[in-house]
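Inspection log for the structure reproduced underneath, given as structure tokens.
Bear in mind these aren't lab numbers, they're just calculated from the coordinates by the rules spelled out. None of these values were measured; they are calculated from a predicted model. No Cβ is skipped: glycine too gets one built from the backbone with ideal geometry, and neighbour counts run over all protein chains shown.
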Amino acid sequence: MFITFEGIEGTGKSTQITKIKDYYESLGKTVFLTKEPGGSRVGTELRKMLLHVDNKDITPITELFLYLADRAQHIEQVIRPALDAGDVVLCDRFADSTIVYQGYGRGLDTTILKQLNEVAVNGLWPDLTVVLDIDPEIGLKRATLRNIEDGKAKEEGRFEAEHLSFHNRIREGYLTWAALNHDRMEVVDASATPDEVFEKIKAVLECHRSKTD
Ligand code: TYD
């Protein structure tokens, strides 16, 4: 089972992913947690390039190919082997981030992005994608604060430094893209407390399990 998590900055994705890991482990499953960018050894290097605030001059096309390179490496070296071993794979961001950030955010053609994603994922699409939705003003405040607390404002702050209008486009992009792909993508309101949000995600996971079991 391959589940991905998406959303703008500061939705509380990582907190929820940890809770979901515990939930699957309580069902006796082996869980493998991973993320993009940076889920493989080579990807760790690409992540540094992609997120450092000094790299504001990266062009949208360069950015796109770096994310796709990260994904191609991640799929073949990390995700596919974990799925073959029978793990539940939980991935923090995946191909939908490219459609939404590089497409709806940077203005690249989403049809072309979908084709390029097909090349990068090489047939391996998530079984389910959970999109955490929150007002960008709230999300951005949370994410900026977290980067400062973690001492990563410079190393990881390139996207947080974007204007609110960019983050609003990203949020709208996720909602549009999720509606177009409603067979695989589920939107969950992330404005409630972490426990309440987790209950909503659990209901989505259980509904998905009952459909596929
Ligand atoms: P990260 O610190 O992992 O963000 P978060 O904690 O919000 O998940 O940074 C990843 C950034 O990269 C995030 O701003 C979204 C962006 N991104 C893209 O623009 N395209 C992509 O394909 C991916 C995977 C991420």
Q: Quote the FRET efficiency, to the nearest 0.05, computed for residue 212 versus residue 26 with a Förster distance R0 of 22 Å and r equal to the Cβ-Cβ distance.
A: 0.70
Q) Say the cut-off is 29 Å between C-alpha atoms; which of 114/154; 141/202; 35/152; 21/56 go over it? A) 114/154; 21/56
**Q.** Rough spin-label spacing in nm, given labels placed 7 Å along Cα→Cβ, for residue 57 and residue 154
**A.** 1.8 nm
Q | 3J(HN,Hα) from dihedral phi, the stretch 103-116, Karplus parametrisation 6.51/-1.76/1.60, rounded to Hz, x for glycine, proline | A | x, 5, x, 8, x, 7, 5, 5, 5, 5, 4, 5, 5, 5
Q) Over the stretch 1-92, what is the mean sequence separation of C-alpha contacts under 8 Å (at least six apart), divided by residue count, expressed as relative contact order in percent? A) 50 percent
Q) With each run of n ≥ 4 DSSP H residues scored as -39500 (n - 2.57), what mean residue ellipticity at 222 nm is computed for the chain after dividing by its residue count and rounding to the nearest 500 deg cm²/dmol? A) -16000 deg cm²/dmol
Q) Gain in length, residue 44 to residue 141, computed as 0.36 nm per residue apart minus the alpha-carbon separation, to one decimal in nm? A) 32.4 nm
Q | the chain: C-alpha gyration tensor shape, a/c 1.5 cut-off, then a/b vs b/c | A | rounded
**Q.** Relative contact order [Cα under 8 Å, 6+ residues apart], the stretch 2-208, whole percent
**A.** 33 percent
Q: Order by neighbour count: 202, 56, 35, fewest other Cβ atoms within 10 Å first, most last.
A: 56, 202, 35
(Q) How many angstrom lie between the Cα centre of the stretch 134-156 and the Cα centre of the stretch 1-41? (A) 19 Å
Q. Which residues in the stretch 1-45 place their backbone N less than 17 Å from a point set 7 Å from the Cα of residue 124 along the Cα-to-Cβ direction?
A. 1-5, 30-44
